1. With +1 assigned to the C-beta of every Lys and Arg and -1 to the C-beta of every Asp and Glu, and no other charges, what is the dipole magnitude of the chain about the Cα centre in debye, to the nearest 20?
2. Once you have all Cα-Cα distances for region 130-280, histogram them in 5 Å bins from zero and send the whole-percent values.
3. Can you tell me the order of 122-129, 274-281 when each peptide is scored by its average per-residue count of other Cβ atoms within 10 angstrom, highest first?
4. Counting only C-alpha contacts under 8 Å and six or more residues apart, can you give the relative contact order of the chain as a whole percent?
5. Between beta-carbons, use under 9 Å as the cut-off and find the net charge around Ile25, counting Lys and Arg +1, Asp and Glu -1.
6. Quick one, what does Rg over Rh come out to for region 3-92 if you take C-alpha atoms and the Kirkwood Rh?
7. At R0 = 51 Å, how high is the FRET efficiency between Lys146 and Asp56 if r is their beta carbon distance? Nearest 0.05 is fine.
8. Run the reach check for Lys203 against lysines, Cα to Cα strictly under 27 Å, same-chain hits fewer than 8 apart removed. What comes back?
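Nothing in this text is a laboratory measurement; each read-out follows from the coordinates by a stated rule. No experiment lies behind these values; they were computed from the predicted model shown. Please note: Cβ atoms are built from the backbone with ideal geometry, for glycine as well, and neighbour counts cover all protein chains shown.
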Amino acid sequence: MPQNRRFLLQRRPDGEPVPEDFELITEDTPELADGQFLIRNHYASLDPAMRGWMDDADSYMPPIPLGAPVRASTIGVVEESRADGFEKGQWVMGLHALEDYSVSQAGGFTQPIDPGMVPEVTNFLSLFGAVGMTAYFGLFDVCEPKAGETVLVTGAAGAVGSIVGQLAKITGCKVIGIAGGPEKCAKLTERYGYDVAIDYRGKDQAALESEIAAAAPNGVDVIFENVGGIILDAGLENIAMKGRIGLCGLISEYNTDPVGARNLWRLIVKRAKIEGLLVADYVERFGEGAATMGEWASAGKLVVDEHIDDGLENAYEAFMRLFAGSNQGKMILKIA
Ligand code: NAP
């Protein structure tokens, strides 16, 4: 069996993760038992949610055990198989870990994929993976935008946000995006079709509130929230009557104590509602989302950006891009 490099969680991060929280080790891959197969991981998805899995906290998924490799969605090729339905050479995707090789079993979450169905196999981690499905079902199922409405997207230039903005435009909405820095803001309007881009860097809540108000004089009907903190509070200040807020993520609070939305009073004033969403709830409908977004992508209505860093040894630096904002699209780590 081949040697396996594994990126382990050795210590639970206290605030922002530091390199000492992790260790890259090399060990033998285990012998396969009946029903198991070995995957050579080619690409791993680096997601903000992985930061939450590193905490010893009650969540929708158990914490990553200390000493275990960091859990991640990967795509790869079956190297050896003792499982029916999984053949050597077959491409698969599933929830595995940051390691060269993962052992999986039939009946689990690992699914075969067909690279011939997509322009790039990495698209299974972006548009046709959890990120694309979060955007699709989070926007359409939870936020229910209608043509002519105004949609505000935070984390607007990121993997989820960039797709949400384009889907809202396809729906016929006016779309406002909040992102960090002039480069990302230019991308919002020039590449993703946002009507207005707001750069949040260096601004306090009052400044953000007035920029949103200027862009949406009648208020925002939908907020697709990826960030939290003062950005969420500034959006709440501008929510329109019967507005809907899809709470997708709170990345500004993943390395800090919770900040909390302090502007909930606006929900009462505007009879608005806020609803948390989790992409895992939509697994059985992924085919529907993929088919529709695939058509839009083929028609040139939907673009997707991927930021691919190379090498398992660079896992920490690549992961931390998500919190520094230095990823330009879906953050992916090339392993093989
Ligand atoms: P991403 O947006 O591609 O990358 C993270 C981005 O967040 C960074 O590029 C940065 O963009 C921004 N950011 C980081 N720290 C920030 C801070 N302190 N304040 C403001 N912005 C900050 O990542 P993603 O995978 O698309 O995830 C986006 C959000 O969706 C996350 O909150 C994630 O947890 C959530 N999510 C939820 C689900 C679900 O099922 N609920 C599924 C997938 C993702 P700037 O340069 O613009 O600051």
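1. Using only the charged Cβ atoms, the result is roughly 1220 debye.
2. Per 5 Å bin, starting at 0, the Cα pair percentages come out as 2, 11, 22, 26, 23, 13, 4, 0.
3. The most tightly packed comes first, giving 122-129, 274-281.
4. 17 percent
5. Value of the local net charge: 0.
6. Computed over Cα atoms, the ratio is 1.02.
7. For Lys146 and Asp56, the calculated efficiency is 0.75.
8. Candidates past the 8-residue exclusion: Lys169, Lys174, Lys184, Lys187, Lys270, Lys273, Lys330.
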